[in-house]
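For reference, the structure is listed below as structure tokens.
Any read-out appearing in this document is the output of simple, stated calculations on the displayed coordinates, not a laboratory observation. Values in this document were obtained by computation on a predicted structure and should not be read as measured data. For neighbour counting, all protein chains shown are included, and Cβ atoms are generated from backbone atoms with ideal geometry for every residue, glycine included.
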Amino acid sequence: MRMSQLFGKTLRQDPAEAETPSHRLLLRAGLVHQIAAGVYAFLPLAWRALHNVERIIREEMDAAGGQELMLPAIHPIEIWQASGRDQTMKDILFRFSDKRNREFVLGPTHEEVIVELFKRNVHSYRDLPLLVYQIQQKFRDEPRPRGGLIRLRQFTMKDLYSFDTDFEGLDVSYRKMYEAYTRIFDRCGIPTVPALADSGAMGGRDTHEFIYLTEYGEDTCLLCPKCGYAANAEVAAFVKEPAHNAEEPKPIEEIPTPGLYTIQSLADHLGLPTSKTCKAVFYSADGEPVFVAIRGDMDVNESKLRHALGTTDLHYMSEDEVAAAGFVPGSAGAVGLNERLPAAPRVRIIADDLLPEEVNLVAGANKPDAHLLNVNYSRDWEADTVADIALAGEGSLCAAPGHGESQCRTPMDLRRGIEMGQVFKLGTFYAEKLGATYLDAEGKQRPAVMGSYGIGTERLLAAIIEANHDERGIIWPTEIAPFQVHLVALQPEREEVRSAAEELYDNLQSNGLAVLYDDREETTGVKFNDADLLGTPLRVTVSPRTLEKGSLEVKRRSEKESELVPLDGALSLIEAAISR
RNA sequence: CGGGGCGUGGCGUAGUCUGGUAGCGCACUUGACUGGGGGUCAAGAGGUCGCCGGUUCGAAUCCGGCCGCCCCGACCA
């Protein structure tokens, strides 16, 4: 490709809207153009890179026994109603109707559709296991697109669905995908850690997210530096220990606490650590008020809370909702809560499982400007549900098995990361909802056991840049680079330069190399800076200066030094440099 | 949806507080010089100041409404 013809321009300044390095470079290098929030156009260079990403994914999926197919983006609403996800995913569904008023959704994912195909084509255990996948556009009306290509509303996803006869088979399929993912991210030059993740409301068993650790990520995970335990903060387990259970329970006592509305100010006033207090948090779960009690030095993990409550819609109460529920913000406590509330329906109380072990905590008195000292679980109050609902944080102790039967107990690191892909054991949820069954060897009808395995390709591209760049620009991994060689002709107006460069260009191309040829009449600085920005792995320069010596200059994008090579035999040297 | 910020040629921005002919840098066009890290000079082209309404002799600027985009939080590849 001649750069004089290439569609797409590099920018000299950083666009104002870009904050993350990948977003900045994607725009600066002229790779992408934003059309709307979370909706992007991909120019030729980006498109070539994306093709390479997809090629790698295809190779690894095929090697793992996957069969590629193509599914529609337009889905009749009925199949979404059948799975119930027209409701559970309603906030992100793009919906529309046709001219006969039939309702459709733009597919945000394709479990419903693939199960339709399964029902048509699989009837026997002899047809299983089955691994099918697609690489195509998905549409999600995300609440907040962000970070350039990190979070899009229209995006491309590789989704593989596995169907097995039983959970043992699912374990095999899952393992295959887990290993394929490791290879894919490795080939893309992205270091990832597989982290335990939330299996969601589908009741799946284990699931892993492949996380690329970066401060620009939107996920939070906990990593144990000693044993390697890694988990999304949503599910991260940690060792919780009672802080003060050596004391004898003391009589409960009400004290005035005017102006003390936060745990910190309360603890400071009383000269106690925050771990000696009991914090109250108000949630609305499927429209019902829920009173959440947790030790004052800890935070609520909303994912764990959602699981413990068994609800789907969960949110912090607004001030209006708090008032309507009759809670006393700043001085709320579980002691006598339901007796004091004027509203008739009982409020559900859920307590973190550490609270029953604590002694003599300070808690709200359910009236303005008052708290209770020496509150003790079971003697003074009880929860409807006791569960682990605490959020792990920086320094939380690793709960993974350590030596022998004890726990690892190493302080964990809190890190941000981008979720590159997820491998997910769906189990029989869709099979049962949508009727994906097969006949086993005894002729009995059984539900197929499913797994799903997704990778977002544009996000992957963004992460590749995030993980492979310097202050000058992108440094493409060999397998991803839009072009293998960036041929620079300095002063192409000069006949000897032009003819040497053109000859080399033809020569490289006819030997099967992808060459980006800078034939523009630009100054040296412009050309070299663009070459660095665009990040092609190998730069080859032809100039009056090199020609004087009968040579070319060859430089790797990833290295500082360049070398002169003789014009004769340059082709084989360049080929060797690429395959190195 | 809550909180914060922004909207002025393709990109980056000044001007807005205090109303009075829309400015600068980059990119673009033409010519000359230059020639190994965004070079110099000269001459040009390009703007409904996000949209609608209001106030005013006069609005990028003041007022009201709407739209869009970015960032931080609740969801996910």
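Please compute the modelled spin-label separation between A:GLU288 and A:ALA387, points set 7 Å along Cα→Cβ, answer in nm with one decimal.
For A:ALA387 paired with A:GLU288, the spin-label model returns 1.2 nm.
Using a Förster radius of 41 Å, what is the FRET efficiency between A:HIS33 and A:ASP186 based on their Cβ-Cβ separation? Nearest 0.05, please.
My answer for the efficiency is 0.85.
Computed FRET efficiency, Cβ-Cβ of A:ASN101 and A:ARG146, R0 56 Å: what is it to the nearest 0.05?
0.95
If you rank A:TYR133, A:TYR181 by fewest surrounding Cβ atoms within 10 Å, what's the result?
A:TYR181, A:TYR133
Taking neighbour Cβ counts within 10 Å as the exposure measure, how do A:LEU439, A:LEU196 sort from fewest upward? Working shown, then result.
Numbers: A:LEU439 14, A:LEU196 20.
Fewest-to-most Cβ neighbours within 10 Å comes out as A:LEU439, A:LEU196.
Between A:GLU68 and residues 5 or more places away or on another chain, which pairs have amide H atoms under 5 Å apart, with H built 1.01 Å from N, and which residues are they?
A:TYR133
If a paramagnetic tag sat 7 Å from the Cα of A:SER4 along the Cα-Cβ line, which residues of the range A:495-514 would have the backbone N under 20 Å from that point?
Correct set: A:495-510.
Only loop residues by DSSP count here, and only those with at most 11 other Cβ atoms within 10 Å; note down the trypsin sites (Lys or Arg not before Pro) in the range A:1-81 that meet that.
Passing sites in the range A:1-81 are A:LYS9, A:ARG12.
I need the GluC sites (Glu not before Pro) found in the range A:320-422, filtered to DSSP loop residues with at most 16 other beta carbons within 10 Å of theirs.
Filter output for the range A:320-422: A:GLU382, A:GLU394, A:GLU405.
Could I have the simple spin-label model distance between A:HIS51 and A:GLU471, label points 7 Å from Cα toward Cβ, reported in nm to one decimal?
Each label point is offset 7 Å from its Cα along the Cβ direction, giving 3.5 nm.
Rounded if a/c is under 1.5, else prolate if a/b beats b/c, else oblate: with a ≥ b ≥ c from the C-alpha gyration tensor eigenvalues square-rooted, which is chain A?
Prolate, because a/c is 1.5 or more and a/b exceeds b/c.
Whose amide H sits under 5 Å from the amide H of A:LEU567, counting only residues 5 or more places off or on another chain, with H placed in the peptide plane?
A:SER551, A:LEU552
Between A:THR88 and A:THR523, what is the FRET efficiency for a Förster distance of 60 Å, r being their Cβ-Cβ separation, to the nearest 0.05?
Approximately 0.55, to the nearest 0.05.
Using the Cα gyration tensor of the range A:483-579, with a ≥ b ≥ c the square roots of its eigenvalues, what is the shape: rounded (a/c below 1.5), prolate (a/b larger than b/c) or oblate (neither)?
Rounded, since a/c falls under 1.5.
Do any trypsin sites (Lys or Arg not before Pro) in the range A:486-535 lie in a DSSP loop with no more than 15 other beta carbon atoms within 10 Å, and if so, which?
A:ARG494
Once you order the gyration tensor axes a ≥ b ≥ c over the Cα atoms, which shape class does the range A:24-124 get: rounded for a/c under 1.5, otherwise prolate or oblate by comparing a/b with b/c? Please list the in-between numbers first.
Working: a/c = 2.78, a/b = 1.30, b/c = 2.14.
Oblate shape, in that a/c is at least 1.5 and b/c is the bigger or equal ratio.
Enumerate the lysines that A:LYS250 could reach by cross-link, defined here as Cα to Cα under 20 Å, with residues fewer than 8 away along the same chain left out.
Within the straight-line cut-off, A:LYS250 pairs with A:LYS276, A:LYS279.
How big is the gap, in Å, between the Cα center of the range A:272-296 and the Cα center of the range A:442-483?
39
Gain in length, A:ASP127 to A:GLU432, computed as 0.36 nm per residue apart minus the alpha-carbon separation, to one decimal in nm?
108.0 nm
Quick one: order A:LEU309, A:LEU25 by neighbouring beta-carbon count within 10 Å, fewest to most.
On the way: A:LEU309 21, A:LEU25 24.
Lowest count first: A:LEU309, A:LEU25.
Rounded to the nearest 500, what is chain A's calculated 222 nm mean residue ellipticity when only DSSP H runs of at least 4 contribute -39500 (n - 2.57) each, over all residues?
-8000 deg cm²/dmol
How high is the relative contact order of chain A? Use alpha-carbon pairs under 8 Å, at least six apart in sequence, and give a whole percent.
For chain A, the relative contact order is 17 percent.
Each residue of the range A:564-572 in turn: what ³J(HN,Hα) in whole Hz from Karplus with 6.51, -1.76, 1.60 and θ = phi - 60°, glycine and Pro shown as x?
8, 10, x, 4, 5, x, 4, 4, 5
Residue by residue, what Karplus-based ³J(HN,Hα) values in Hz, rounded to whole numbers, does the range A:517-532 have, using 6.51, -1.76 and 1.60 with θ = phi - 60° and x for Gly and Pro?
Per residue, the Karplus-derived 3J(HN,Hα) values read 10, 7, 9, 6, 8, 10, 7, 3, x, 4, 5, 5, 5, 5, 4, 5 Hz.
Put a dot 7 Å past each Cα toward the Cβ at A:ASP506 and A:GLN81; how far apart are the dots in nm?
Here the modelled spin labels are 6.6 nm apart.
Step through the residues of the range A:297-304 one at a time and calculate ³J(HN,Hα) from phi using the Karplus curve (6.51 cos²θ - 1.76 cosθ + 1.60, θ = phi - 60°), rounding each to whole Hz and writing x for Gly and Pro.
Here the 3J(HN,Hα) series is 8, 10, 10, 7, 8, 5, 5, 4 Hz.
Could you give the angle, 0 to 90 degrees to the nearest 10, between helix A:495-510's Cα long axis and the longest principal axis of the Cα atoms of chain A?
Approximately 60 degrees, to the nearest ten.
Taking the alpha-carbon centroid of each part, what is the distance from the range A:156-200 to the range A:305-341 in angstrom?
39
Please report the antiparallel percentage of DSSP beta bridges with both residues in the range A:253-387, rounded to the nearest 5.
Within the range A:253-387, antiparallel bridges account for around 65 percent of the total.
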